[in-house]
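Right, one structure below, let's go through it.
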Amino acid sequence: MAAGKVVVAGATGLVGNAALRHFGRVGGVEVVALSRRKPRELYGARHVAIDLTDPAQCTRAATELQGATHLIYAALYEAPNLVDGWRDPRQIDTNDKMLRNLMAALEPVAPSLKHVALLQGTKAYGVHVRPLTVPAREGRSEMYEQPNFYWAQENFLRELQDGKAWHFSILRPVLIVGETIGGAMDLIPPLGVYAAMMREQGRALDYPGGTARVSQAVDVDLLARAIAWSGEAVAARNEAFNVTNGDVFTWENIWPAIADALDMKPGQSVPLSLAREYPAWIAPWDELRRTHNLVAPDLETFVGLSFQYADYTMRYGQTEPGPPSIVSTVKINQAGFTEMMDTEAMFQKWFSQARSARLLP
């Protein structure tokens, strides 16, 4: 990216943190990180504490946003009951207002604004309510039938951009894999904690989910590079793109690689709801933190809502094979972003990094 000023909204989340890491590595740009709490690592960015649901806080932060050339909007409000909340009108309304509040503060002080990157996902195709049409493609209209804050945000952004010099891109990643603290949809902490509990009991790493389906995932660092690409590519202007690693997987097939990354043996299929089980792990986790001198915080702070997300993603309780969850990446490949990654290697990468950073034992 050419020299400029990048604002990252949702800087403590999985995607926002990866964006900070990406621009910190490539250098050459000023980066402002927006979030309520300070990220564990800023990678050279300047942090601005802000609650995007509060218009007054956004207005007060306008001076920090002056001269912004790029906005990466990865901020997200999730309801305490994660999966049910995806269709909750209050969740939809809150996420809509957050983007509106920020743009109302940013646009007047950013006359050189070039690009807004907006994050969506496969809920754009109704994956949370029905089988996907395989492969799901960006231009199909049936996705708009389902209530979703994506449409409120997208419609607002399209109307706001009309006739202006800046452009936007919408990124629709599949299952995102990376590492952050307290994320709502981050698999590394809940699965790492589960593995630690099994190891303490002298057990192999049993697979706790249900009957799997063929799915896709995306490494969060690859996603960050796709976001950066969209901010400069002419072909990405006012377009939506699916983003994946480029291959497919089932949980049963990659489970041995996950076990290996955690120095464990893969076990059997033993269904277990992590969301229901984790309260029994709170005290043992604190003991592991002391024993291994972990930098990870207490269990609920570390994992957030992601125990619920792990159950959902691994289809806990499902006994019939699930319909495939596959999206097409032809559009983004033809537009010029062609990066790919091996999904098994991705899981090994993130579990190994989490252990090296002393987030997991």
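The values are calculated or read from the model by the stated rules, or taken from the named source; none is laboratory data. Model, not experiment: these values are computed from the prediction. Methodologically, a virtual Cβ is constructed for each residue, glycine included, from the backbone with ideal geometry; neighbour enumeration extends over all protein chains shown. Areas reflect the complete protein model, heavy atoms only, side chains present, ligands, DNA and RNA absent. Shrake-Rupley method; radii C 1.70, N 1.55, O 1.52, S 1.80 Å.
Residues that are among the small types (Gly, Ala, Ser) and under 28 Å from TYR125 (Cβ atoms) within segment 241-268 comprise GLY246, ALA257, listed in sequence order. With the condition kept exactly as written, say whether any residue in segment 347-354 is open to solvent by 70 Å² or more (accessible area, probe 1.4 Å) and in contact with a Lys or Arg (Cβ under 9 Å, 6 or more places away or on another chain). No, the conditions are met nowhere in segment 347-354.
Every residue, every condition in (1) under 18 Å from ALA224 (Cα atoms); (2) over 21 Å from the mean Cα position of the chain (by Cα); (3) open to solvent by 50 Å² or more (accessible area, probe 1.4 Å), yes or no:
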{"position": "PHE302", "(1), (2), (3)": "no, no, no"}
{"position": "SER306", "(1), (2), (3)": "no, no, no"}
{"position": "TYR309", "(1), (2), (3)": "no, no, no"}
{"position": "TYR316", "(1), (2), (3)": "no, no, yes"}
{"position": "PRO321", "(1), (2), (3)": "no, yes, yes"}
{"position": "SER328", "(1), (2), (3)": "no, no, no"}
{"position": "ILE332", "(1), (2), (3)": "yes, no, no"}
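Checked against the criteria, PRO55 counts as open to solvent by 20 Å² or more (accessible area, probe 1.4 Å) and out of contact with any Pro (no Cβ under 6 Å at 6 or more places or on another chain).
Take the conditions (1) touching a Phe, Trp or Tyr at 6+ places or on another chain (Cβ under 7 Å); (2) modelled with pLDDT under 95; VAL127 misses just one of them, which is (1).
When residues in segment 207-251 are screened for being buried (at least 22 other Cβ atoms within 10 Å of the Cβ) and among the charged types (D, E, K, R), 1 of them pass. Checked against the criterion of being among the aromatic types (Phe, Trp, Tyr), open to solvent by less than 20 Å² (accessible area, probe 1.4 Å) and either part of a loop (DSSP other than H, G, I, E, B) or more than 18 Å from GLY231 (Cβ to Cβ) (or both), segment 16-29 has no qualifying residue. Can you find a residue that is open to solvent by less than 60 Å² (accessible area, probe 1.4 Å), under 18 Å from ASP206 (Cα atoms) and either touching a residue at least 60 places away in the same chain (Cβ under 8 Å) or not hydroxyl-bearing (Ser, Thr, Tyr) (or both) anywhere in segment 276-286? Yes, that holds for at least one residue.
The rows are residues; the columns are (1) at pLDDT below 95; (2) assigned to a helix (DSSP H, G or I); (3) among the acidic types (Asp, Glu).
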{"residue": "VAL32", "(1), (2), (3)": "no, no, no"}
{"residue": "GLN57", "(1), (2), (3)": "no, yes, no"}
{"residue": "GLN91", "(1), (2), (3)": "yes, yes, no"}
{"residue": "LYS97", "(1), (2), (3)": "no, yes, no"}
{"residue": "PRO108", "(1), (2), (3)": "no, yes, no"}
{"residue": "LEU113", "(1), (2), (3)": "no, no, no"}
{"residue": "LYS123", "(1), (2), (3)": "yes, yes, no"}
